[in-house]
Amino acid sequence: MLYPSIDKLLNIVDSKYMLVHIASRRSKKMLENDHYQMNEKDYVNKKPLGRALEEVEKGLIQVKVGKE
C-alpha cells in the first residue's frame, strides 16, 4: 500500500493534476536545496516525491489557487 493514501490527499487538494504539480515542484526543490520540512527520520518514504506528498498530508505545504 502506498503512503499517503490518494483519498486522504484529495481531501486536501481538489484535483489530482494540482496534487501532481505541487508534489513535483516540492520534490524538485528538495533535490536542489536538500531542505526538508520534517526530520528525515520522520518520513515514511525515502524518495523526494513521496516525502513531498507526506508534507502535503501533514499540512506543511499551503495550496493557493489563483490567477497567474
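The values are calculated or read from the model by the stated rules, or taken from the named source; none is laboratory data. On a predicted model such as this, the values are computed, not experimentally measured, just so you know. When we count neighbours, we look across all protein chains shown, and the Cβ atoms used for this are built from the backbone with ideal geometry, even at glycine.
Could you please find all residues in the stretch 1-21 being closer than 19 Å to residue 43 by Cα and part of a loop (DSSP other than H, G, I, E, B)? Hits for the stretch 1-21 are 1, 2, 3, 4, 5.
Condition check ((1) in contact (Cβ under 8 Å) with a residue 60 or more places away in the chain; (2) exposed (fewer than 11 other Cβ atoms within 10 Å of the Cβ); (3) of a type in the set (D, E, K, R)) across all residues:
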residue: 2; (1), (2), (3): no, yes, no
residue: 13; (1), (2), (3): no, no, no
residue: 21; (1), (2), (3): no, no, no
residue: 24; (1), (2), (3): no, no, no
residue: 27; (1), (2), (3): no, no, no
residue: 42; (1), (2), (3): no, no, yes
residue: 50; (1), (2), (3): no, no, no
residue: 60; (1), (2), (3): no, no, no
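Which of the residues spanning the stretch 26-47 are over 9 Å from the mean Cα position of the chain (by Cα) and either assigned to a helix (DSSP H, G or I) or small (Gly, Ala, Ser) (or both)? Before the answer, list the steps.
Residues of the stretch 26-47 over 9 Å from the mean Cα position of the chain (by Cα): 28-47.
Passing the criteria: 28, 29, 30, 31, 32, 33, 40, 41, 42.
Residue count for the stretch 48-68 satisfying the condition of being modelled with pLDDT under 90 and either among the aliphatic types (A, V, I, L, M) or assigned to a helix (DSSP H, G or I) (or both): 3.
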